[in-house]
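The values are calculated or read from the model by the stated rules, or taken from the named source; none is laboratory data. Computed from a predicted structure; not experimentally measured. With ideal geometry, Cβ positions are generated from the backbone for all residues, glycine too; neighbour counts draw on all protein chains shown. In case anyone asks, the SASA skips ligands and DNA or RNA and just uses the protein heavy atoms, side chains included. Shrake-Rupley method; radii C 1.70, N 1.55, O 1.52, S 1.80 Å.
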Amino acid sequence: MKAYFRAVYLIAKSAKKQFYTILILSILVGMLEGLQVKFNVLILTALQNIIGGGNNYTALIIPFIAFVVICPSYYLYTPADAYLRSLLLQKFRIQLLKNVYNKVLNTEMKLFEDNELYDNIYKAQENAYNDSIMDIVNSIIYIPLLVSAIGSIFSIIGSYNPMLMLLAVFTMIPYFISRYLRGEEYFILRNNQTEKLRVTDYLWGILCGRNTNRDMRIFGTNDYMQKKYYDNLKEITDDVWKYEKKQFIRTAILDSCRPIGLGIGIILSSYMAFHGDITVSVFAAMLTAFSTVQEHAEGLIDKVTKTINSIPFISNYFNLINNKDGIKQGHEELTEPIHTIQFINVCFRYPHSKEGTIKNLSLTINKNESISILGENGAGKSTLSKLILGLYTPTLGDILYNGVSIFKLNRNKLYERVSAVFQDFTRYQMTVGENIGFGKSDMLYDKSYVEEYIKNHSYLEFIQNYQHGVDTILGREYGGIDISGGQWQKVAIARGDIKTSDLIVLDEPTASLDPLAEAGIFKKFLEMSSGKISLIVSHRIGAARLSNRILVMSDGGIVEDGTPEKLLNQNGIYTQLYKSQSYWYQQ
Ligand code: ADP
């Protein structure tokens, strides 16, 4: 119930004007509806009088005029209501997505390694598109309205025979049961399908994606992928069909109680009219009222059950927003550029992993060092670089920046001091200016800054020939130009380098360049990053030879540490790598 009130508050806050206008309008219209029933009775009674020889025409005309005046209000109300609801929904949707995104932004990076996070995000943002919000808005408007409408009809007609009215309500109980169970089972169905729905979206992306579609043609995996997609889709639709079939059978059985009730109602009122307990006009009005009460009770049940059933959906949103996995920020800030990074017995384990990836690692990095991290696949190089950047925090141990613990630092402030280019860097299907300028977000709107950077860096000279300069869109998907993998890498390196930083990490973004071209880029990169701490993660010795310190990793620890010359004399892993690769670099 708490989630319900929180949701109401959230809706009222994100679309204040629309929310209160809908509320007032609907209450007014509801009151008019009650009046209409009253006028209906008055008209019928006056008519019967006149037919019986009476001449009180005023008693007929006044309620008739009132009735006619009220009618058009519905025609105005319906489009106004639709318009306001659509506005409310849009405003709420934007607010909800903003809140979800802020939560995501404030989530520990290591939780992105856990698929539960993606499921939770999916379930929370689903509320921006499903009906739960409208059901909650409707509940505020219609539940009191319908209760008062039913109450007013009760008070007018029920006085003739309360049993009849109670019968109308009781025959609706099975309807309530069927709608309640329907909603409850729908929530279970959707919740269980979250992962499958995400997989389906992913597979659709593979079927229609440019590179994936290319791969499928080459490898002949089209049929396999399609089958995988349709099998997945079929599993989802099979569950939906099963659910719908169950609902159909249950609804058909339980809803049939309603006409049975109406039948008993007709018999009862006919009996009363036959015995002269009620007049013919009251008999007619009672029958209408009986159906109206049933109709309103149906509406009421719909609203109540939909509200009850929307609560778990909106609770998914609040569960995400309330969880305590947010980045545990310290408040301290570094007052000077990073000059030392110290790892003290650092251990790191990924969520759901049995074994640690970084094992009791101690290390000190100083200003002006250019470090290369070498090691076999899975040794822990990328994990170590993410720890150095402050993207992950140690599971055990501590990392000190200029002597201040990572746990005491405000990490957003730390990120302002670091830069990185990752192996799986992002290829933004946007302009060159944006692709590079994202590294310098404070200058993003100043095109000339990026233009100047491109001019001063020869490895970006391929951009100089672009017809639209920095406004050229990269990537075909949104009408831009295609560039090679190596060119994408250069753009990503420019993005990392353009940022003013004390520490820059290059985590194998040059893997698709040949060893010599890669070594060339590393050489330039090391020149560009003089005065900073630079860290290059690579398989190849191209960068290592040029760095002033090499760390060789194995099984989550550092097994060799020293200058290239020192390590070469140690006859260890670096020496082996050097011997096996050095011919690449002989020119
Ligand atoms: P490297 O960069 O040296 O190839 P990584 O740091 O990427 O090594 O990975 C080190 C180890 O951590 C590997 O054994 C890998 O299986 C594990 N690992 C990496 N990412 C995750 C993850 N998201 N969840 C669980 N284990 C992971």
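Antiparallel DSSP bridges in the range 439-587: what percent, to the nearest 5? Don't skip to the answer; put the middle values down first.
Details: 5 of 11 bridges.
DSSP beta bridges in the range 439-587 are roughly 45 percent antiparallel.
Just in the range 263-368: which trypsin sites (Lys or Arg not before Pro) are loop by DSSP and have at most 16 other Cβ atoms within 10 Å?
Passing both the DSSP loop test and the Cβ count: Lys324, Lys328, Lys354, Lys367.
For the range 264-406, give the percent of accessible area contributed by carbon and sulfur heavy atoms, probe 1.4 Å, rounded to a whole number. Don't skip to the end; give the middle numbers.
Working: 3540 of 6380 Å².
Its accessible area is 55 percent carbon and sulfur atoms.
Based on the mean of other Cβ atoms within 10 Å per residue, sort peptides 280-292, 568-580 so the most packed one is first. List each step's numbers first, then the result.
Values: 280-292: 19.7, 568-580: 14.7.
Packing proxy ranking, top to bottom: 280-292, 568-580.
Using a basic spin-label model with each label point 7 Å from the Cα along Cα→Cβ, how many nm lie between Phe274 and Leu32?
Here the answer is 4.1 nm between the modelled labels.
Taking 0.36 nm per residue of separation and subtracting the Cα-Cα distance, what length does fully extending Ser441 through Tyr101 add? Could you put the intermediate results ahead of the total?
Numbers: separation 340, 0.36 × 340 = 122.40 nm, distance 1.90 nm.
Contour length minus Cα-Cα distance gives 120.5 nm.
Obtain the nm distance between the two label points defined at Asp424 and Leu87 by a simple spin-label model: each point lies 7 Å from its Cα along the Cα-to-C-beta direction.
Modelled inter-label distance: 4.4 nm.
When the distances between all Cα atoms of the range 168-285 are binned every 5 Å from zero, what whole-number percent does each bin get?
Answer for the range 168-285: a P(r) of 2, 10, 12, 11, 9, 9, 8, 7, 6, 6, 5, 4, 4, 3, 2, 2, 1, 0 percent.
Using the heavy atoms of the protein chains alone and a 1.4 angstrom probe, what is the accessible area of the range 54-164 per residue in square angstrom? Could you put the intermediate results ahead of the total?
Values: 5880 Å² over 111 residues.
Heavy-atom accessible area per residue stands at 53 Å².
As a test question: what accessible area, to the nearest 10 Å², does His539 have when a 1.4 Å probe is rolled over all protein chains in place?
About 70 Å², ignoring ligands and nucleic acids.
In a shell of Cβ-Cβ distance under 15 Å around Ala128, excluding Ala128 itself, what net charge do Lys and Arg (+1) and Asp and Glu (-1) give? Don't skip to the answer; put the middle values down first.
On the way: positive: Arg85, Lys91, Arg93, Lys98, Lys103, Lys123, Arg190; negative: Glu126, Asp131, Asp135.
Here the count lands on +4.
Based on the Cβ-Cβ distance of Glu184 and Thr563, what FRET efficiency does E = 1/(1 + (r/R0)^6) give at R0 = 41 Å, to the nearest 0.05?
Numbers: r = 67 Å, r/R0 = 1.65.
E(calc), rounded to 0.05, equals 0.05.
What is the local net charge at Leu503, summed over the other residues whose Cβ is closer than 15 Å to its Cβ (Lys, Arg +1; Asp, Glu -1)?
Values: positive: Lys367, Lys386, Arg411, Lys413, Arg417, Lys499, Lys532, Arg549; negative: Glu336, Glu369, Glu416, Asp497, Asp502, Asp507.
Local net charge: +2.
Compute the accessible area per residue over the range 273-360, keeping the other protein chains in place, probe 1.4 Å, unit Å².
On the way: 4460 Å² over 88 residues.
I get 51 Å² per residue for this part.
May I ask you to list the residues of the range 1-27 whose amide nitrogen lies under 19 Å from a point 7 Å from Cα along the Cα→beta-carbon direction of Asn319?
1-8
I'd like the antiparallel share, as a percent to the nearest 5, of DSSP beta bridges with both residues in the chain.
Values: 20 of 40 bridges.
Taking every DSSP beta bridge within the chain, about 50 percent pair in antiparallel fashion.
Would you please give the residues with an amide H less than 5 Å from that of Gly375, counting only those at least 5 places away or on a separate chain, with H modeled from the backbone geometry?
Amide H neighbours of Gly375: Met553.
Would you please give the residues with an amide H less than 5 Å from that of Gly397, counting only those at least 5 places away or on a separate chain, with H modeled from the backbone geometry?
Answer set, sorted by chain and number: Cys347.
Okay, helix-only estimate at 222 nm for the chain: each DSSP H run of n ≥ 4 adds -39500 (n - 2.57), divide by all residues, round to 500 deg cm²/dmol; what do you get? Intermediate results must be reported in sequence, preceding the final value.
Numbers: 21 runs with 365 residues, N = 587.
Calculated at 222 nm, the ellipticity per residue is -21000 deg cm²/dmol.
Within the range 546-575, what residues put their amide N at less than 17 Å from the label point 7 Å along the Cα-to-Cβ vector of Asn360?
Hits in the range 546-575 for Asn360 at 17 Å: 554-560.
For every other residue with a beta carbon closer than 10 angstrom to the beta carbon of Val470, add +1 if it is Lys or Arg and -1 if Asp or Glu, then tell me the sum.
Working: positive: Lys447; negative: Glu434, Glu451, Asp471.
So the environment of Val470 carries a net charge of -2.
Of the peptides 35-41, 370-376, how do they stack up when ordered by the mean number of other Cβ atoms within 10 Å, highest first? Provide the component values of the computation, followed by the final result.
Details: 35-41: 17.3, 370-376: 23.3.
In decreasing order of mean packing, 35-41, 370-376 become 370-376, 35-41.
Report the Cα centroid-to-centroid distance between the range 425-456 and the range 350-391 in angstrom, as an integer.
29
Averaging sequence separations of C-alpha pairs under 8 Å and six or more residues apart, then dividing by the length of the range 458-526, give the relative contact order as a whole percent. Walk me through the numbers on the way to the answer.
Numbers: 31 pairs, mean separation 14.8, N = 69.
Relative contact order of the range 458-526: 21 percent.
Roughly how many percent of the accessible protein surface of the range 1-153 is carbon and sulfur, given a 1.4 Å probe and a whole-percent answer? Can you show the working numbers first?
Values: 5740 of 8470 Å².
Roughly 68 percent, rounded to a whole number.
For the range 457-587, with every protein chain kept in place, what is the accessible area per residue (1.4 Å probe, Å²)?
Working: 5770 Å² over 131 residues.
Result: 44 Å² per residue.
Please work out the FRET efficiency for the pair Met109 and Val169, using the Cβ-Cβ distance as r and a Förster radius of 56 Å; give the result to the nearest 0.05. List each step's numbers first, then the result.
Details: r = 56 Å, r/R0 = 1.00.
After rounding to 0.05, the efficiency reads 0.50.
Using θ = phi - 60° and the Karplus form 6.51 cos²θ - 1.76 cosθ + 1.60, what ³J(HN,Hα) does each residue of the range 246-262 get, whole Hz, x for Gly and Pro?
Ordered by residue, 3J(HN,Hα) equals 4, 5, 4, 5, 5, 4, 4, 5, 6, 5, 5, 5, 5, x, 4, x, 4 Hz.
Along the range 219-235, what does the Karplus equation 6.51 cos²θ - 1.76 cosθ + 1.60 (θ = phi - 60°) give for ³J(HN,Hα), rounded to whole Hz, x for Gly and Pro?
Ordered by residue, 3J(HN,Hα) equals 8, x, 9, 3, 4, 4, 5, 4, 4, 4, 5, 5, 4, 5, 4, 5, 4 Hz.
May I ask you to derive the relative contact order of the chain, considering only C-alpha pairs under 8 Å and at least 6 residues apart, and to give it as an integer percent? Walk me through the intermediate numbers first.
Values: 809 pairs, mean separation 84.1, N = 587.
Relative CO of the chain lands at 14 percent.
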